[in-house]
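Nothing in this text is a laboratory measurement; each read-out follows from the coordinates by a stated rule. Owing to the predicted nature of the structure, the values given are computational and were not obtained by experimental measurement. Here the Cβ is made from the backbone with ideal geometry for all residues, glycine too, and neighbour counts use every protein chain on show.
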Amino acid sequence: MTHTVSDTARRHVPADLPTRIQHYIGGQFVDSVDGDTFDVLDPVSNEVYLQASAGKKADIDRAVAAARRAFTDGPWPTMLPRERSRILHRIADIVESRDARLAELESFDSGLPITQALGQARRAAENFRFFADLIVAQADDTYKVPGRQINYVNRTPIGVAGLITPWNTPFMLESWKLGPALATGNTVVLKPAEFTPLSASLWAGIFEEAGLPDGVFNLVNGLGEDAGDALVKHPDVPLISFTGESSTGQLIFGNAAPFLKGLSMELGGKSPAIVFADADLEAAIDATIFGVFSLNGERCTAGSRILVERSVYDDFVERYAAQAKRVKVGYPHDPATEVGALVHPEHYDKVMSYIEIGKSEARLVAGGGRADGFEQGNFVSPTVFADVAPDARIFQEEIFGPVVAITPFDTEDEALALANGVKYGLAAYVWTNDLKRSHNFAQAIDAGMVWLNSNNVRDLRTPFGGVKASGLGHEGGYRSIDFYTQQQAVHITLGKVHNPTFGKADVDHH
Ligand code: NAD
């Protein structure tokens, strides 16, 4: 296939693109203390289009000091929930009103298809709105022991929250942490992913416009091993919310241990979609195509392993491969594009190497390399492997690209063993019309989140998180509020004091 897109259309460059991105500390845009910067590429041309300030320990120290001042001097942590909520709603309004611009920049920087980047921008606004509502509805526990005692929970923000985020849906994932951290009255230092700093640079302006006090939000760009590491090891940052690879999570866990920090870990996945013969096959195929090829396959909850009951296996594989071949790879800014460009050439090389491994491990039935008609940029053809053995690397390891492994099963027990036979446990998708089986099977899967006869459609009130190597702790709804707050129990005696008396045994009562 040859394409006829002109050179200019290939690399849509947004108007007024910055050429330089700084840190934002204490309400000011600043360079790194040592003046260092790093290159940022766009994934369609892989050309450097901007320089971002490369933060190190000295920059993190400044940002944490600013956040600490904003926490101890206020007013943010002591404002009424309603007052903070109003500012969060204003943030949501501004994000919504700029959704097209945000999506344009995000799509340019990350290679995500523009329609999907737009959905993510709106979801970011929704995250702020949700936590703005939740914080005013928040009630804390009280327990009564009639006539004797009342206990109540005094909930308070913790301090400076360190937020470390990945590049796959940068703006949305930042909002997922910023929303609850700010709603609960903490101040923050955000360290966004170094591949995609562009959309994060917009937060400062949005927050200023919405009336967030200076110093409450601070941003330090930089490499994980420099800026991220310094944030994790900073003694004045009592909690870290991290989303990224499981191996990075392990490293952070170790580095945070001497400080006994609160940790929330949203890590990798290799989520199964299990398709039983009685399922609505067409719906299952549509959902499992979307489940692994949306967001370029760079999705933590991607259904990257499809387990199919033997009696419908050949039919499923044939139809799935045919549909995968029709998934439209295109330039990220084109509204017709379904799969865009992978974020970075390093990640492209990683995904391509897995495709080569897959060719030696299984049967290739769609894709298998660079997308036709795209000589440069990180374009991968939606790739489908069938007959994948459970010990294959493409069955076990997170690829984080548009690559799926399909494996047959004969019995429910075998399906469950296959589903659970990896180190990850983030999401799972079950397709069957058997009511009993669907629930029993769902409950037996090692996964933090299960969808029955559904794609990944998430209610913001539900717990979000994984088990095994996919993470630790849950956020979502009130669980996020719990993570970002201290809960002090206050016990009050009512009536007579019932004291066991020590030291009075020898007192003469005569
Ligand atoms: P990554 O682990 O390489 O990086 C994530 C962030 O951590 C980046 O900001 C990076 O700079 C920083 N970092 C790296 N080393 C660090 C260190 N030593 N100390 C402190 N910070 C450090 O992950 P990635 O490649 O950006 O993102 C892809 C991964 O994220 C995939 O594994 C994916 O499954 C996972 N992910 C999980 C979820 C979830 O909710 N479970 C959501 C999205 C992505």
Using the Karplus curve 6.51 cos²θ - 1.76 cosθ + 1.60 with θ = phi - 60°, work out ³J(HN,Hα) for each residue of region 33-49 in order, rounded to whole Hz, and write x for Gly and Pro. 4, 8, x, 5, 9, 10, 7, 10, 9, 9, x, 7, 10, 6, 9, 6, 10
For the cross-link pairs Lys191/Lys328; Lys144/Lys496; Lys261/Lys468; Lys325/Lys436, which exceed 25 Å when the distance is taken from alpha carbon to alpha carbon? Lys191/Lys328; Lys325/Lys436
Explain nothing, just the number: relative contact order of region 104-218, from Cα pairs under 8 Å at least 6 residues apart, as a whole percent. 28
Which of Pro180, Gly358, Gly254, positive extreme of dipole for the chain (C-beta unit charges): Pro180
Report the net charge of residues surrounding Leu212, where surrounding means a beta-carbon distance below 13 angstrom and charges are Lys +1, Arg +1, Asp -1, Glu -1. -1
Per residue of region 437-442, what does 6.51 cos²θ - 1.76 cosθ + 1.60 with θ = phi - 60° give for ³J(HN,Hα)? Whole Hz please, x for Gly and Pro, Karplus curve as stated. 4, 4, 6, 4, 5, 4
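As a check on your grasp of the helix formula, calculate [θ] at 222 nm for the chain: sum -39500 (n - 2.57) over DSSP H runs of n ≥ 4, divide by the residue count, round to the nearest 500.
Calculated mean residue ellipticity at 222 nm is -11500 deg cm²/dmol.
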Got a sec to turn the phi values of region 158-171 into Karplus ³J(HN,Hα) couplings, 6.51 cos²θ - 1.76 cosθ + 1.60 with θ = phi - 60°, whole Hz, x for Gly and Pro? 8, x, 8, 8, x, 10, 10, 10, x, 9, 6, 9, x, 5
Output the relative contact order of the chain, whole-number percent, from Cα pairs under 8 angstrom with separation of 6+ residues. 18
If the viscosity is 0.692 mPa s and the temperature 37 °C, what Stokes-Einstein diffusion coefficient in µm²/s follows for the chain when Rh is the Kirkwood radius over Cα pairs? 135
Tell me which of Pro390, His344, Gln443 sits at the most positive position along the dipole axis of the chain, charges placed on C-beta atoms (Lys, Arg +1; Asp, Glu -1). Gln443
What's the angle, to the nearest 10 degrees (0 to 90), between helix 345-361's Cα axis and the longest principal axis of the chain? 60
With unit charges on the beta carbons (Lys and Arg positive, Asp and Glu negative) and the dipole taken about the Cα centre of region 198-301, which residue among Ala230, Gly297, Ile274 sits farthest to the positive side? Ala230
Region 11-135 - percent relative contact order, Cα under 8 Å, separation 6 or more: 23
In region 333-386, GluC sites (Glu not before Pro) in a DSSP loop with at most 15 other beta-carbon atoms within 10 Å: Glu375
In degrees from 0 to 90, rounded to the nearest 10, what is the angle of the helix 99-110 Cα long axis to the longest principal axis of the chain? 70
Net charge over other residues, Cβ less than 14 angstrom from the Cβ of Thr243 (K, R count +1; D, E count -1): -3
With everything on Cα atoms, drop me the angle between helix 114-137 and the longest principal axis of the chain, reported from 0 to 90° to the nearest 10. 20
